[in-house]
1. Measuring from label point to label point, each 7 Å out along Cα→Cβ, what is the Ile46 to Asn63 span in nm?
2. Around Ile81, which amide H atoms from residues at least 5 apart in sequence, or from another chain, sit under 5 Å from its own amide H, with H modelled in the peptide plane?
3. Report the residue, chosen from Ala12, Ala49, Ala32, that carries the largest GNM mean-square fluctuation when the chain is represented by alpha-carbon nodes joined by springs under 10 Å.
4. Label points 7 Å out from Cα along the Cβ direction at Arg30 and Ser6: separation in nm?
5. Quick check: the angle from helix 55-64's long axis to the longest principal axis of the chain, C-alpha only, nearest 10 degrees?
6. Could you list the trypsin sites (Lys or Arg not before Pro) in region 1-86 that lie in coil according to DSSP, counting only those with at most 16 other Cβ atoms within 10 Å of their Cβ?
7. What list of ³J(HN,Hα) values in whole Hz, one per residue of region 45-53 in order, does the Karplus curve 6.51 cos²θ - 1.76 cosθ + 1.60 (θ = phi - 60°) give from phi, with Gly and Pro shown as x?
8. For region 18-23, take each phi angle, set θ = phi - 60°, evaluate the Karplus expression 6.51 cos²θ - 1.76 cosθ + 1.60, and give the result in whole Hz per residue in order, putting x for glycine and proline.
Amino acid sequence: MPLPVSITLHEAVEHRIRELSRKNEFSWDRLARASSVPKSTITDYIRGASKDMKLQTLAAVSNGFGMTLREFFDSDVFDIIDVEALLDASAHP
């Protein structure tokens, strides 16, 4: 599926989790068990019910895929993040 020209950080992380889940043939249950992150935390993030994921949680998810955070973020999807919107959102929480 082609990516849009610009996406949010949440959309990029969600895309990467979905991509790695497909690649590794992980269900949300399997990812939850492998990462020790509650399935509800993963699915809430994927569904958009939760827009923020702590770095510690993302590190656990990455570990569940058998990779480091550096490897998790080594994807072209992170090159198209709307940085201005990200900075604006952090300046006005």
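Only the coordinates and a few stated rules stand behind these numbers; no lab work does. Since the model is a prediction, treat every value here as computed from it, not as a measurement. All Cβ positions, glycine included, derive from the backbone under ideal geometry; neighbour counts span all protein chains shown.
1. Placing both labels 7 Å along Cα→Cβ, they lie 2.1 nm apart.
2. Ile7
3. Fluctuation is largest for Ala49.
4. My value for the distance between the label points is 3.7 nm.
5. The two axes meet at around 40 degrees.
6. Here the sparse-neighbourhood loop sites are Lys51, Lys54.
7. With the stated coefficients, region 45-53 comes to 5, 5, 6, x, 5, 10, 9, 10, 10 Hz.
8. With the stated coefficients, region 18-23 comes to 4, 4, 5, 5, 5, 4 Hz.
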